[in-house]
1. Exactly one of (1) surrounded by 13 or more Cβ atoms within 10 Å (Cβ to Cβ); (2) modelled with pLDDT of 95 or more is unmet by MET1. Its number?
2. Considering only the stretch 134-148, I want to know if a residue exists there that is assigned by TED's automatic domain parsing to the domain that holds SER69, under 20 Å from the mean Cα position of the chain (by Cα) and among the polar types (S, T, N, Q).
3. Restrict the check to the stretch 120-131 and report whether at least one residue is free of Cβ contacts under 8 Å to residues at least 24 places away in the same chain and loosely packed, with under 12 Cβ neighbours inside 10 Å.
4. Condition (residue is touching a strand residue (DSSP E or B) at 6+ places or on another chain (Cβ under 9 Å), among the aromatic types (Phe, Trp, Tyr), touching a residue at least 24 places away in the same chain (Cβ under 8 Å) and in a loop (DSSP other than H, G, I, E, B)) applied to the stretch 85-100: is it met by at least one residue?
5. Among the residues that make up the stretch 72-79, is at least one of them in a helix (DSSP H, G or I) and among the hydrophobic types (A, V, I, L, M, F, W, C)?
6. Given the condition assigned to a loop (DSSP other than H, G, I, E, B) and in contact with a helix residue (DSSP H, G or I) (Cβ under 8 Å, 6 or more places away or on another chain), answer yes or no: does some residue in the stretch 42-50 qualify?
7. In the stretch 15-42, how many residues are without any contact (Cβ under 8 Å) to a residue 60 or more places away in the chain and at positive phi?
8. Check whether at least one residue in the stretch 55-62 is in a loop (DSSP other than H, G, I, E, B), over 15 Å from ARG118 (Cα atoms), assigned by TED's automatic domain parsing to the domain that holds GLN112 and among the acidic types (Asp, Glu), and report yes or no.
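The values are calculated or read from the model by the stated rules, or taken from the named source; none is laboratory data. Since this is a predicted model, take the numbers as computed values, not measurements. Glycine gets a Cβ as well: all are built from the backbone with ideal geometry, and neighbour counts include every protein chain shown.
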Amino acid sequence: MICPFCRFGETRVIDSRASDEFVIRRRRECLHAECGRRFTTYEKIEESSLKVIKKDGSRVPFDRQKIRSGLDKACYKRPISEEMLEQIISEVEADVYHNFDREVPSRYIGEQVFNMLRKVDQVAFVRFASVYREFKDVNDFVEELEPMLREANRR
């Protein structure tokens, strides 16, 4: 493993844990005398390639980084930890691999992220919803927010 800081080619594993299904978390330390920095790597079991069926009917390989990218945009400047984002991504990925063999509709993935984000942060949820549900105007926002506002008023 190459150190991401100094690019030295030797590191040692300090700690190794199974963090979620399909993922092993390893804490590593650079063995270069002048560096010695620590970092975390994640190892993922490579399975047969799952294809995502896009809205236009095209098929692309499943890529957890696309989920990460959408979450990063929705959660920008929100108090959501990296661990929480990783947990959401891992849960969605595990669900997809559990429920689908070869192909999964992109809509299914979006709904899973949508539902998990709703529980975590309402602002991030609305941001994600605005892109995912393709809001056209303010009325679309109001329709999505009404159930949340009713629930908040009941408390």
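1. It is condition (2) that MET1 fails.
2. Scanning the stretch 134-148, I find no residue that is assigned by TED's automatic domain parsing to the domain that holds SER69, under 20 Å from the mean Cα position of the chain (by Cα) and among the polar types (S, T, N, Q), so the answer is no.
3. No - not one qualifying residue is present in the stretch 120-131.
4. Scanning the stretch 85-100, I find no residue that is touching a strand residue (DSSP E or B) at 6+ places or on another chain (Cβ under 9 Å), among the aromatic types (Phe, Trp, Tyr), touching a residue at least 24 places away in the same chain (Cβ under 8 Å) and in a loop (DSSP other than H, G, I, E, B), so the answer is no.
5. Here is the first cut: in the stretch 72-79, the ones in a helix (DSSP H, G or I) are 72-74.
Checking the rest, the ones that are also among the hydrophobic types (A, V, I, L, M, F, W, C) come to 74.
Yes: the stretch 72-79 contains one or more residues that are in a helix (DSSP H, G or I) and among the hydrophobic types (A, V, I, L, M, F, W, C).
6. Yes, some residue in the stretch 42-50 is assigned to a loop (DSSP other than H, G, I, E, B) and in contact with a helix residue (DSSP H, G or I) (Cβ under 8 Å, 6 or more places away or on another chain).
7. Qualifying residue count for the region: 1.
8. Yes, the stretch 55-62 has at least one match.
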